[in-house]
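J.: Here you go, one structure.
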Amino acid sequence: MLRQTLKGTGVALVTPFKKDKSIDFTALENIIDIQIAGGVDYIVTLGTTGESVVLSEQEKIEVLNCTFNKVNGRVPVVVGIGGNNTAEVIKAFSKLPIDKAVAILSVTPYYNKPSQEGLFQHYVALADAAPKPILLYNVPSRTGKNMTAATTLRLAKHANIAGIKEAAPELAQMIAILKDRPSNFLVVSGDDEMVMAQMACGCDGVISVAANAFAKPFSDMIRFAMAGDFSMAKRVNDLLVEGYSYMYEENNPAGIKAFMFEQGLIENELRLPLVPVSAPLQAKIHNYLQRYISQ
């Protein structure tokens, strides 16, 4: 049951690039090892943080093959496959090598802003066609459309829809989903800044951006929260709160890539239309990390 398999901390992996904007597979492999050694419970690849929208189909295949080979069964892998053309998303299921994935994370359609019925029909079509369980992904700040708790709960009845990454800004929406979800329906946070409160309400964990740079402390924090030790969880989270604000001040994944660049993990490279964070924000990130290390 995916609610048990994907409990805890999933990391939404970045896709590292070299200075010539090609994919840095050596850095990707290193990051995967660091994440697993740091205690993350599963890997999420080709999501928003992985800049999947600027990768070619061939590059996505190469990223997936690299990821599965490096993970080598040590933790589960979830693959992001989403879009605002339902038919094309379904085609991608057969074009990408996802046999070793445990689930597909699929974002709500962006830009065209479908109705709640449109969202429902979109996900039913995906779930009917998908070779792996579907995880819904609601992130209205990026897509321009919120999927309501009522629609999520309606979709939760589908046999091939296993859960949701919920990133709506209203805590009440998460609470409503948690209140009435089926017992086997996974509910994880998509918001590093809100996850402490959401864990207290009963969510099953998080798919985190921050874990890219803070794999061990972030994973430890979620484990403390799952065990009901919110005093220890808060102690860890308090050290990260300032960092969260810098990660999202200008753009994700520009923010998290700036952190990882300071840590010597990757080049500070993105593909247009994304660009690195501004020099003043980079300086804030540098100074924060120096203080964090000294604590």
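The values are calculated or read from the model by the stated rules, or taken from the named source; none is laboratory data. All values derive from a computational prediction rather than experimental measurement. Note that each Cβ is placed from the backbone with ideal geometry, even for glycine, and that neighbours are counted across all protein chains shown. Heads up: the accessible areas ignore ligands, DNA and RNA and are worked out on the full protein's heavy atoms, side chains in. Shrake-Rupley method; radii C 1.70, N 1.55, O 1.52, S 1.80 Å.
J.: From the residues in region 241-295 that are more than 19 Å from Phe17 (Cβ to Cβ) and of a type in the set (Val, Ile, Thr), which one is nearest to the chain's Cα centre (by Cα)?
T.: Among residues in region 241-295 that are more than 19 Å from Phe17 (Cβ to Cβ) and of a type in the set (Val, Ile, Thr), the one nearest to the chain's Cα centre (by Cα) is Val241.
J.: Only one of these conditions is not met by Leu126: (1) assigned to a helix (DSSP H, G or I); (2) open to solvent by 40 Å² or more (accessible area, probe 1.4 Å); (3) under 24 Å from Ile43 (Cβ atoms); (4) touching a helix residue (DSSP H, G or I) at 6+ places or on another chain (Cβ under 8 Å). Which number is it?
T.: (2)
J.: Step by step: first the residues of region 103-120, then only those that are in contact (Cβ under 8 Å) with a residue 12 or more places away in the chain and part of a helix (DSSP H, G or I), then the one that is least open to solvent (accessible area, probe 1.4 Å). Which residue is that?
T.: Kept after step one, since they are in contact (Cβ under 8 Å) with a residue 12 or more places away in the chain, are these residues of region 103-120: 103-114, 116, 119-120.
This time we only want the ones that are part of a helix (DSSP H, G or I), so: 116, 119-120.
Numbers: Gln116: 51, Leu119: 1, Phe120: 33 Å².
Result: Leu119.
J.: Assess whether Ala156 counts as being of a type in the set (A, V, I, L, M), in contact with a helix residue (DSSP H, G or I) (Cβ under 6 Å, 6 or more places away or on another chain) and modelled with pLDDT of 95 or more.
T.: No: the conditions fail for Ala156.
J.: Inside region 179-198, can you point out the residues that are in contact with a Phe, Trp or Tyr (Cβ under 8 Å, 6 or more places away or on another chain) and over 17 Å from Thr48 (Cβ atoms)?
T.: In the first step, residues of region 179-198 are kept if they are in contact with a Phe, Trp or Tyr (Cβ under 8 Å, 6 or more places away or on another chain); the result is 190, 192-193, 196.
Across region 179-198, the qualifying residue is only Met196.
J.: Residues that are open to solvent by 40 Å² or more (accessible area, probe 1.4 Å), free of Cβ contacts under 8 Å to residues at least 24 places away in the same chain and among the acidic types (Asp, Glu): find the helices (runs of 4 or more DSSP H) completely inside region 1-101 holding 1 or more of those.
T.: Working: elements: 2-5, 25-38, 57-71, 86-95.
Helices (runs of 4 or more DSSP H) meeting the threshold: 86-95.
J.: Moving on. Enumerate the helices (runs of 4 or more DSSP H) found wholly within region 134-207, keeping only those where 1 or more residues are within 29 Å of Asp238 (Cα to Cα) and over 17 Å from the mean Cα position of the chain (by Cα). Working first, answer last.
T.: Values: elements: 140-143, 149-155, 171-180, 195-201.
Counting at least 1 such residues, we get 171-180, 195-201.
J.: Across region 277-295, what is the number of residues that are of a type outside the set (Val, Ile, Thr) and open to solvent by less than 40 Å² (accessible area, probe 1.4 Å)? So that I can check it myself, show each step before the final result.
T.: Narrowing region 277-295 to residues of a type outside the set (Val, Ile, Thr): 278-284, 286-292, 294-295.
Restricting the remaining residues to those that are open to solvent by less than 40 Å² (accessible area, probe 1.4 Å) gives 281-282, 288-289.
Selection size over region 277-295: 4.
J.: Sticking with this one: What residue, of Ala233, Ala227, Ala168, is open to solvent by 10 Å² or more (accessible area, probe 1.4 Å) and at pLDDT 95 or above? Can you show your working first?
T.: Working: Ala233 fails: open to solvent by 10 Å² or more (accessible area, probe 1.4 Å); Ala168 fails: open to solvent by 10 Å² or more (accessible area, probe 1.4 Å).
So the residue among Ala233, Ala227, Ala168 that is open to solvent by 10 Å² or more (accessible area, probe 1.4 Å) and at pLDDT 95 or above is Ala227.
J.: Separate question: Give me the pairs: first residue in region 185-214 and on the phi < 0 side of the Ramachandran plot, second residue open to solvent by less than 20 Å² (accessible area, probe 1.4 Å) and modelled with pLDDT under 95, beta-carbon distance under 9 Å, and six or more apart or on different chains, which are they?
T.: Every condition considered, no pair remains.
J.: With closer than 23 Å to Asp24 by Cβ and in contact with a strand residue (DSSP E or B) (Cβ under 7 Å, 6 or more places away or on another chain) as the only criterion, which of Val275, Val209 stands out? It would help to see each step written out before you state the result.
T.: Numbers: Val275 fails: in contact with a strand residue (DSSP E or B) (Cβ under 7 Å, 6 or more places away or on another chain).
Of the residues listed, the single one that is closer than 23 Å to Asp24 by Cβ and in contact with a strand residue (DSSP E or B) (Cβ under 7 Å, 6 or more places away or on another chain) is Val209.
J.: Run Thr151 past the list (1) modelled with pLDDT of 95 or more; (2) closer than 29 Å to Glu193 by Cβ; (3) touching a strand residue (DSSP E or B) at 6+ places or on another chain (Cβ under 8 Å) and report the number of the one that doesn't hold.
T.: Among (1) modelled with pLDDT of 95 or more; (2) closer than 29 Å to Glu193 by Cβ; (3) touching a strand residue (DSSP E or B) at 6+ places or on another chain (Cβ under 8 Å), Thr151 violates only (3).
J.: Next question, about the same structure. Check Asp204, Asp191 and return the single one that is open to solvent by less than 40 Å² (accessible area, probe 1.4 Å) and in contact with a Pro (Cβ under 9 Å, 6 or more places away or on another chain).
T.: Values: Asp204 fails: in contact with a Pro (Cβ under 9 Å, 6 or more places away or on another chain).
None of the others qualify; the one that does is Asp191.
J.: Based on what the data block shows, is Arg181 at pLDDT below 95 and among the basic types (Lys, Arg)? If you could, list the steps in order and put the result at the bottom.
T.: Values: at pLDDT below 95: no; among the basic types (Lys, Arg): yes.
Spelling it out, it is not the case that Arg181 is at pLDDT below 95 and among the basic types (Lys, Arg).
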